[in-house]
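Q: Supplied in structure tokens, the structure appears directly below.
FYI, it's all coordinate maths here, none of it is from the lab. Here the structure is a predicted model, which is why all the values come from computation and not from measurement. We place every Cβ from the backbone using ideal geometry, glycine too, and count neighbours over all the protein chains shown.
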Amino acid sequence: MPTTASNGLKTSWDASESPTASQLHPLFVALALLCLLLCTAVRADAGELQQRFEHRRWTLNDDSPSQIGALAQTRDGYLWLGTHDSLYRFDGLSFTRYRATDQQELGIVSSLLASDQGLWVGLRNGGVRLIDAEGEVAAAFDLGRGTVYALAQTADGQLWAAANDGLLRFDGQSWQQLSSQAGFVGTNAYALLVDTSGRLWVADERRLYTLEPGARTLRDSGIAVRRPRQIVQAPDGALWLAERDGESVLRLDTSTGQASRIGVGEPVNALLFDQRGALWLSTAGNGLLHVAQPDRYAEGGFTAIERFAARDGLSSDLVAPLHQDSEGSLWIGTHDGLDRLRDRPLQPAGLPANAQNLALVADRTGALWAGSSNLPVMRLDRDGLQHLPLQTPISATARDSQGRAWLAGPQGIWRSSGDSLQKVAELPVQRSLDSAVRAMLVDRQGALWLSVNRQGLFVLRDGRWHGLPPPSAKPAQQMPVSAALAPDGGRWFGYRDNLIVSHDDGGERHWGAAEGLDVGHVTAMAHQPGHAWVGGQRGLARFDGQRFQRLPLPDNGLFDNLYAIVPVRVEAGEDLWLQGQGGIFQLPAAEIALALANPAHQIRYRTYDAQGGLANDPHQVLALPTAVRAGENRLWFVTRNGVVGLNPLRAPQNSAAPRVRIESLVVDGEALPLGATAELPADSRRLVIGYGAPSLSAPQGLHFLYRLDGFDHAWQSAGRQREVTYTGLPAGDYRFRVRALNQNGVASEQDAELDFSIAPLFYRQPWFLLALGVALLGSLHLLYRSNMRRAAERLRTRLEERHEERERIARELHDTLLQGVQGLMLHVQAAADSLPVGQPSRGLLEKALDRADQVINEGRERVRDLRSVPQGPVDLPQALGELEHLLDHPGVTYRIDIKGTPIALHPVVHDELYLLAREAVGNAFRHARASLVQLQLDYDPRQFELQVVDDGCGIRADYLDSSEAADHWGLRGMYERAAKIGATLSIHGAQGRGSQVRLTLVGVLAYRQKEPCARRWLPWKRLTRSPHP
């Protein structure tokens, strides 16, 4: 606890001159009474100070550096700490030791100055470094003038350094040491300050100088000083100096030039005026001093002064630098760590810290009633905290339509009457360990509804209890865990496992998943005119009277297990205040409207208690709700730090947008430098990206959104997590973006981005895929050609075998049948010649011989046909052209079109094509009733094509089916001839639109080929081939 510090007055007296005890007694009594009054006043002020400020410290256990000698905050929001061994950067959560690119340590840091150029660092060895926004050393100077005590920059951009061996000035190009010609006559320079008017103040070992804006020469102010440690300016414009020699501070009124020395009673290391105008003083061994009204002082000291020391929680009593950041927090560097004091966003209610399982309710006057499991019932109003004589566990509260507070516990039910309580009834069941009251409600008719643990729901009417049956047979739904009264008088009860039961004049109704409810255990409800809010195990939902619509809250775990919902009407609509296991949150009305209209909207919220948690005994029932509204301007919350409150109508504190940045990139356990587009190896498996944003006042309130362009389809909510892991990313170009939002929902003005690419594996490289594709296509082409060659070879072999078979048949006919018939005719001729001329039988024999000559001639023609081989390429067109004379076609024009240069066809192919074309042309002449029949021959080297097209009546669909023989065998025969030579035949014809017969045959099968080398030994293969049966 803060304590009162000595005012620094010292009194000496001689014992020989001391008065007697009787003379001193009245004086001692008076002094004691005076001290008692003073101490009482000081304690009151100290209590207000402790309630107003929230303290946090970092020590070695938190990886904090020790022996902090300088503090500064740069434009990007980071706090920099100069220590006895190096420089550290702090973002509100973690400390990062600064290392230059060359990995050289800076050494002992004696002073820091944040400017537009970056961070200026003064070193004990006389060096000065400039660290830019990227963390690189932009400039390095070795002044060689001993310890650099202070740095300052004037409006003209010149940098000033107070060093052990004098005063130096940097004009942007070089450093110059000021001499007596420039007005500085001291040996050492100790302190610097640029005041609000732009004047530079310089202190040496005995003098205080000033340099007006635009002047070139220092002017001695005439004020004697004693080696000042620091110069600060108060809100009223006065200068205050902490001096090395003495136990006082010096105040200089710059308007009058009058200086006053104020005793402190101990050496002061540093001074700071906060935003309220209060003065803070750090001491070398006695902690931190606070003067709320520094203008109230006398020569002997301040009128009221408070102390905050190690026994109050300060990291050390040896305190050095003080710094106030851009958000108003006070930072204290000590010998053992770092401390922070800031305004409490949640003000303590003042209830005992040892109260467990608090249950709250506010009456119509705004007074707060609080029951617990271990303390008497308490009542808090404007007059303070009152302890009532009733000491009984309280686990449920309610407020009736008349504004009275109701409290219930295992020993009964009480109702407020003024500032006292009256017992209303006993519980409907006998008291037991498992009969704690879970929820309570008083309806408009005055009926009391009570939920008793593991017993069920009861209602008290006309002094009698009535038990209601459970809504289902589930043991978890035997009794409700929350209750709320709707504006229309409806009684609503929340159960476990996603069930709400309402009771009204229309009876009982159950609400669940069929109506859109999806919050799990229903632990919080808040009814408003026309709608209601329901919270539970899985978030929050809005009820419009018919269905529930779930509010798309961030999926970061903060909004799981909601215990209280408090709607607050504001100018923009209705804000929601939520409390759950993750803390206390405010959802602005505008964000709620956007989220309800667009479920993909990333809702922004404000965090007021990021620590979360409740001071609850795990063996006791948690009293719900955990937050209540007392009047228009006060919300009370039960937290693990006690009951705290705030004004919901107060505008949120203006806070700067966080500045997010990428901190690290780790690939498969190896950290990679950040900079240009990172080229990641092809076998990268696990990628971890670290990011952060400085938030010195409320780092736990930061939450982040991230997105990986090229992989994520939408922004992902990371909550408070400060790194994201990707595994198994495919090759490609990526851009990682991250955005930060602070506790007030203010987003970073610019996203932090990191570009990187993952090289594809060699078998995924474009050149490899192209080569593979070409090779595959080539292989397929070669395989196709090989298959075609083999197929053509097989077909050609069959055709050759067929042709040879025809030659064999021709030989057999010539050598056997024709020769036999010829011999027979010679015998018959001899017999005929032996008969006399004129005999009838001779005439008959001669007629038979004439017929035999015809048969022999026909036989010879057939043998010649079997052995005939077309000698030129024009035989098929000529043969088909002769069809015009061979086939009858009155009134039908017959035309042959030849495309390309005619090529000699294989003999068998020639015959089959001729017969097939003859059949097609004959069908067109006989059946098509066409006026034009056109035959087309295409001698493409790769593919031979034959078409017969007419403009007649077409072909019936049932005739086109070659499987339907009926009485039309011509079409089937055409298909069979095409199949024999490996050709593709298609016949099309529609009624009244003519017909088309189209045959295609690959060139290697259609045309006569030169005999390959392999054919030379083909007969030997046939000789060795086993005969087929």
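Q: For SER717, SER841, SER695, which order do you get if you count the other beta carbons within 10 Å of each Cβ and list the fewest first?
A: Fewest to most other Cβ atoms nearby, the residues stand as SER841, SER717, SER695.
Q: Can you spot the aspartates and glutamates whose alpha carbon is less than 13 Å from LYS474's alpha carbon? Ignore those fewer than 8 places along the same chain.
A: Cross-link targets: ASP497.
Q: Related question: Expressed as a rounded percentage, what relative contact order does the stretch 765-868 have, with Cα pairs under 8 Å and six or more residues apart?
A: For the stretch 765-868, the relative contact order is 34 percent.
Q: Show me the ranking of peptides 404-410, 819-825, 258-264 by mean Cβ neighbours inside 10 Å, starting with the highest. Can you show the working numbers first?
A: Working: 404-410: 24.1, 819-825: 12.9, 258-264: 17.0.
Per-residue mean Cβ counts within 10 Å order the peptides as 404-410, 258-264, 819-825.
Q: Let me ask something else about it. For a quick check of your reading of the filter: which trypsin sites (Lys or Arg not before Pro) in the stretch 871-956 sit in a DSSP loop and have no more than 14 other Cβ atoms within 10 Å? Show your work: numbers first, answer last.
A: On the way: sites: ARG895, LYS899, ARG918, ARG926, ARG929, ARG942, ARG956; in loops: ARG929, ARG942, ARG956.
Answer in residue order: ARG929, ARG942, ARG956.
Q: According to the Cα gyration tensor, what semi-axes, each the square root of 5 times an eigenvalue, does the equivalent ellipsoid of the stretch 621-750 have, listed from largest to smallest in whole Å? Please report the intermediate quantities before stating the final value.
A: Numbers: eigenvalues 313, 54, 32 Å².
Taking √(5λ) for each Cα gyration eigenvalue gives 40, 16, 13 Å.
Q: Compute the relative contact order of the stretch 356-565 as a whole-number percentage, counting only Cα pairs closer than 8 Å that sit 6 or more residues apart in sequence.
A: Details: 526 pairs, mean separation 19.5, N = 210.
The value is 9 percent.
Q: Using just the alpha carbons, could you tell me how many Å³ per residue the convex hull of the chain encloses?
A: Working: hull volume 388.3 nm³, N = 1029.
In the chain, the Cα hull volume divided by residue count equals 377 Å³.
Q: I need the peptides 513-520, 486-493 ranked by packing, meaning the mean over residues of other C-beta atoms within 10 angstrom, with the highest value on top. Don't skip to the end; give the middle numbers.
A: On the way: 513-520: 15.5, 486-493: 17.6.
Answer by packing, highest mean first, reads 486-493, 513-520.
Q: Here's another thing I want to ask about it. Hey, what number do you get for the chain at 222 nm if only DSSP H runs of n ≥ 4 count, each worth -39500 (n - 2.57), divided across all residues, to the nearest 500? The partial results should precede the final answer.
A: Details: 13 runs with 194 residues, N = 1029.
Theoretical 222 nm ellipticity from helices: -6000 deg cm²/dmol.
Q: Below 19 Å, Cα to Cα, which aspartates and glutamates can LYS847 reach? Residues fewer than 8 away in the same chain don't count.
A: The qualifying aspartates and glutamates are ASP833, GLU858.
Q: Treating the angle as unsigned and between 0 and 90°, give the value, to the nearest 10°, between the Cα long axis of helix 970-980 and the longest Cα principal axis of the chain.
A: Helix 970-980 and the main axis of the chain meet at about 70 degrees.
Q: Taking only Cα atoms, what is the 0 to 90° angle, nearest 10, from helix 766-812's long axis to the longest principal axis of the chain?
A: On a 0 to 90 degree scale, this one is about 10.
Q: To the nearest 20 debye, what charge dipole does the chain have about its Cα centre, counting +1 at the Cβ of each Lys and Arg and -1 at the Cβ of each Asp and Glu?
A: Charge dipole, the chain, about its Cα centre: 1760 debye, nearest 20.
Q: List the aspartates and glutamates whose Cα sits under 20 Å from the Cα of LYS423, skipping any in the same chain fewer than 8 residues away.
A: Result set, ordered by chain and number: ASP363, ASP400, ASP443, ASP462.
Q: If you don't mind, another one. If packing is taken as the mean number of other Cβ atoms within 10 Å per residue, what is the order of 730-736, 776-782, highest first? Please list the in-between numbers first.
A: On the way: 730-736: 15.6, 776-782: 10.0.
Top to bottom by mean Cβ count within 10 Å: 730-736, 776-782.
Q: Quick one: helix 21-52 against the long Cα principal axis of the chain, what's the angle to the nearest 10°, folded into 0 to 90?
A: Helix 21-52 and the main axis of the chain meet at about 20 degrees.
Q: Right, something else. In percent, how large is the relative contact order of the chain, given Cα pairs closer than 8 Å and 6 or more residues apart?
A: Working: 2270 pairs, mean separation 54.9, N = 1029.
Taking the mean separation of contacting Cα pairs over the length of the chain, I get 5 percent.
Q: May I pose another question? Among DSSP beta bridges whose residues both lie in the stretch 320-466, state the antiparallel percentage, nearest 5.
A: On the way: 44 of 44 bridges.
Here the share of antiparallel DSSP bridges comes out near 100 percent.
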